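One structure is given here, and the rest of the page talks about it.
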Amino acid sequence: MIFAATEWAEASVAIAGIAFITIVVSVLIWQIFATGRTGLSAKRENAYQRLAEAATEAQNRTAAGLEKTAVELADLRERTAELERMLKDVE
């Protein structure tokens, strides 16, 4: 019968060492990918923030335009009412 060159105690230490190294490498790889996902998430969030700022700016421009239009419409109504009064006076 052929006996192994190492004893069970040495073999179990070697197996535990290999398992420990495998676990450490797995955790390192996991953390590297988690860091990468965090970076991508931050880029995506910055893009959403820029989009939200652009939408807010567009809403502000639209609100200013609507306010200007409302003022002009009120002026037009006032002039139209004045013209109607003048036409009634002429009749």
Pick from L83, L51, L73, L87: which is under 37 Å from the mean Cα position of the chain (by Cα) and either touching a residue at least 40 places away in the same chain (Cβ under 8 Å) or assigned to a helix (DSSP H, G or I) (or both)? L51
Here is a check on your reading of the model: is K68 in a helix (DSSP H, G or I), exposed (fewer than 10 other Cβ atoms within 10 Å of the Cβ) and not aliphatic (A, V, I, L, M)? no
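Values in this text are rule-based calculations from the coordinates and carry no lab data. Treat the numbers as computed from the prediction; the structure is a model and nothing was measured. Note: ideal-geometry Cβ built from the backbone for every residue, glycine included; neighbour counts use all protein chains shown.
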